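A quick write-up on the structure given underneath.
Computed from the coordinates by the stated procedures, all read-outs in this text should not be read as laboratory data. These figures come from a predicted structure and were not determined experimentally. Please note: Cβ atoms are built from the backbone with ideal geometry, for glycine as well, and neighbour counts cover all protein chains shown.
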Amino acid sequence: MSASNAVETKPSRDFLRAERAAKFILAKTKLRPRIGLVLGSGLGAFANELASATRIDYKKIPNFPQSTAIGHAGRMVIGKVANVPVAAMQGRVHFYEGYTPQQVIFPMRVMARMGVRAVLITNAAGGINRDFKQGCLVVLRDHMNLQGTNPLIGPNEDRFGVRFPDLTTVYWKPYQEAALQEGKRLKIEMAHGVYAALTGPSYETPAEIRYLRGIGADLVGMSTVWEVIAAAHLGIRVLGISCVTNMAAGILDQPITSEEVMETGERVKADFVALLRAVIPRMSENLA
Ligand code: HPA
């Protein structure tokens with residue numbers, strides 16, 4: 001918007017809340033991270049590896065939603081990876097916990113107000129593509145929002161972004177390439193795919209998985225997509241990585257259990273940590 005036709009509106013409540021949380025966090029550290037990390041189910045361990053870390057429980061941060069999901073610690077850790085300052089979310093909140101779409105994306109807006117320009121978002125997902133193996137790490141090239149609503153519905157806050165954000169390049173190609181290259185170099189089993197988000201909390205039926213495969217999904221999960229939509233709105237570039245913790249419903253002749261999901265996360269932890277360590281410096285060379 002040019003200065004001449006700019007309409008000075010009052011900041012929205014969501015904007016003021018995000019601003020307040022961001023200021024609270026920045027007052028606790030001298031680091032000024034440009035990269036954010038969202039560490040999903042069973043993958044939060046990475047935040048324990050950060051150097052010069054400041055840990056802040058979500059419950060202390062003004063307006064911050066609390067995670068109730070298993071495998072989610074519920075704190076923000078600001079620290080350094082390979083000398084790059086990052087803001088790591090050890091756990092996130094989901095729609096299935098009863099949070100509103102706006103609460104689910106609130107942390108993304110807080111990170112944006114902190115100065116974050118790129119995020120690495122991770123999750124546990126069910127593998128729909130039969131070429132994927134349990135435990136492989138999949139770089140996201142796109143997503144499908146099948147959660148029935150969009151977190152940007154409502155009056156647009158221009159201070160966050162435009163009314164109709166473009167999503168065609170939000171999964172930033174150079175980050176995808178860097179992750180696939182680093183994975184190969186580290187001899188980690190990697191793949192590339194499209195993530196479909198459903199609300200959960202029930203896992204899908206075999207019929208739903210056949211449908212999702214038919215429409216072009218490689219992975220299924222219950223998170224990430226709204227955060228990516230919010231990131232696009234905020235002008236933040238995204239690298240998404242899913243850990244295939246289980247094959248999706250009906251692919252193997254066995255039920256899906258959350259124990260299996262956690263166990264696989266645990267098993268690939270070392271690979272995951274190595275991959276993030278290698279990819280973050282490459283993201284920091286390519287910031288918006
Ligand atoms: N479906 C949905 N979400 C998931 C799955 C799954 O099979 N595995 C881990 N998160």
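The set of residues from the stretch 230-261 being more than 11 Å from the ligand (Cβ to nearest atom) and either touching a residue at least 60 places away in the same chain (Cβ under 8 Å) or within 10 Å of the chain's Cα centre (by Cα) (or both) comprises Ala230, Ala231, Ala232, His233, Leu234, Gly235, Ile236, Arg237, Val238, Leu239, Gly240, Ile241. Which residues, counting only those in the stretch 69-108, are more than 23 Å from Arg282 (Cα to Cα) and away from the ligand (no atom under 16 Å from the Cβ)? Once the filter is applied, which keeps residues that are more than 23 Å from Arg282 (Cα to Cα) and away from the ligand (no atom under 16 Å from the Cβ), the stretch 69-108 yields Ala73, Gly74, Arg75, Gly98, Tyr99, Thr100, Pro101, Gln102, Gln103, Ile105, Phe106, Pro107. Within the stretch 78-96, the set of residues being under 15 Å from the mean Cα position of the chain (by Cα), within 13 Å of Arg32 (Cα to Cα) and among the β-branched types (Val, Ile, Thr) comprises just one member, Val86.
Just to be sure, is Pro165 more than 17 Å from Gly40 (Cβ to Cβ) and more than 14 Å from the ligand (Cβ to nearest atom)? Judged against the criteria, Pro165 is a match.
Test Gln134 against the stated conditions and say whether it is within 16 Å of the ligand (Cβ to nearest atom), more than 21 Å from Val279 (Cα to Cα) and touching a Pro at 6+ places or on another chain (Cβ under 9 Å).
No: the conditions fail for Gln134.
Taking every residue in the stretch 20-43 that is within 18 Å of Leu239 (Cβ to Cβ) and pairing it with any residue that is charged (D, E, K, R) and assigned to a strand (DSSP E or B), at least 6 positions away or on another chain, yields no pair with a Cβ-Cβ distance below 8 Å.
Across the stretch 10-62, which residue is nearest to the chain's Cα centre (by Cα) among those that are assigned to a loop (DSSP other than H, G, I, E, B) and among the charged types (D, E, K, R)? Out of the qualifying residues, it is Arg34.
Residues checked against (1) surrounded by fewer than 19 Cβ atoms within 10 Å (Cβ to Cβ); (2) in contact (Cβ under 8 Å) with a residue 60 or more places away in the chain; (3) over 18 Å from Ala197 (Cα atoms):
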| position | (1), (2), (3) |
| --- | --- |
| Arg75 | no, no, yes |
| Ala87 | no, yes, yes |
| Arg92 | no, yes, no |
| Tyr99 | yes, no, no |
| Val104 | no, yes, no |
| Val110 | no, yes, yes |
| Gly126 | no, yes, no |
| Lys133 | yes, yes, yes |
| Val138 | no, yes, no |
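Checked against the criterion of being touching a helix residue (DSSP H, G or I) at 6+ places or on another chain (Cβ under 7 Å), among the acidic types (Asp, Glu) and more than 14 Å from the ligand (Cβ to nearest atom), the candidates Glu227, Glu285 yield just one match: Glu227.
Kindly indicate whether Val116 is in a loop (DSSP other than H, G, I, E, B) and buried (at least 22 other Cβ atoms within 10 Å of the Cβ). Write out each step before concluding.
Details: in a loop (DSSP other than H, G, I, E, B): yes; buried (at least 22 other Cβ atoms within 10 Å of the Cβ): yes.
Judged against the criteria, Val116 is a match.
I'd like to check something: does the stretch 202-215 contain any residue that is within 15 Å of the ligand (Cβ to nearest atom), over 13 Å from Ile128 (Cα atoms) and in contact (Cβ under 8 Å) with a residue 40 or more places away in the chain? Within the stretch 202-215, not a single residue is within 15 Å of the ligand (Cβ to nearest atom), over 13 Å from Ile128 (Cα atoms) and in contact (Cβ under 8 Å) with a residue 40 or more places away in the chain.
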